[in-house]
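One structure below.
The values are calculated or read from the model by the stated rules, or taken from the named source; none is laboratory data. Source: prediction; values computed, not measured. Quick reminder, even Gly has a Cβ in these numbers, built from the backbone with ideal geometry, and neighbours come from all protein chains shown.
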Amino acid sequence: MIIGVTGGMGSGKSFVAGLLGRLLGVDVLNADILCRDLLQMQRPGWQGIQERWGSRFLDLTGNIDRTVLRKVLFAEPEVRRGVEQILHPLVRQEIISRATEERVSLEGMVAEVPLLFEVGWQNDFDWIVVVYSEYECRVQRIVRRDRVSLEEGRSAISAQISLEEKALQADSVIENSGPLALTILQVYHLAHLLSS
């Protein structure tokens, strides 16, 4: 079974995807990590960004300055759309390729895809899990994790489909606003459901 885990920024997707993968004994693929890999020097994502914007996002060594890029992505929607046009097809191709391998081997896979619904990839998965967390809880997590202002945290969240909308389209929802133990129990229950 190919399982997609999604949610919003700061909702706890990585924790849930990692735990679910361990409990099911399958690989976990993270779309954000794939993006980071594609942005390494001379990789397809790096090439696409360099071709489109020249040295605007490159540091002195020729690597992409992720801090500068992140700030611009939040501030300039047209740049965000351009970067997404470059990276999303590459990431989807990698996920589909890995999913095909896992289906052939009957192993299964968990893929963490933050923008799964935004990019319309819901039909690429057998089961979709949305990790839900209340808005202010997510903002605080983003501020702590990314060391950004409250305004930047709220801006990042507003660029995505609401978690309520995502939850309505999911096969399962994991509520992750409260104690970690409750989240873990929900993931254990889901793993049991998916493996039976």
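Only residues that are of a type in the set (Asp, Glu) and out of contact with any Asp or Glu (no Cβ under 7 Å at 6 or more places or on another chain): list them for the stretch 61-79, please.
Scanning the stretch 61-79 gives Glu76, Glu78.
How many residues are surrounded by 18 or more Cβ atoms within 10 Å (Cβ to Cβ) and either closer than 9 Å to Gly10 by Cβ or charged (D, E, K, R) (or both) when one looks only at the stretch 114-142?
4
In this structure, does Arg92 turn out to be surrounded by fewer than 19 Cβ atoms within 10 Å (Cβ to Cβ), without any contact (Cβ under 8 Å) to a residue 24 or more places away in the chain and under 25 Å from Trp53 (Cβ atoms)?
No, not satisfied.
Check Gln40 against each of (1) part of a loop (DSSP other than H, G, I, E, B); (2) closer than 23 Å to Ala170 by Cα; (3) not small (Gly, Ala, Ser) and name the one condition it does not meet.
The failed condition is (2).
Restrict the check to the stretch 96-103 and report whether at least one residue is touching a strand residue (DSSP E or B) at 6+ places or on another chain (Cβ under 6 Å) and at pLDDT below 90.
yes
Against the condition basic (Lys, Arg), part of a helix (DSSP H, G or I) and loosely packed, with under 14 Cβ neighbours inside 10 Å, how does Arg154 come out, does it pass?
Judged against the criteria, Arg154 is not a match.
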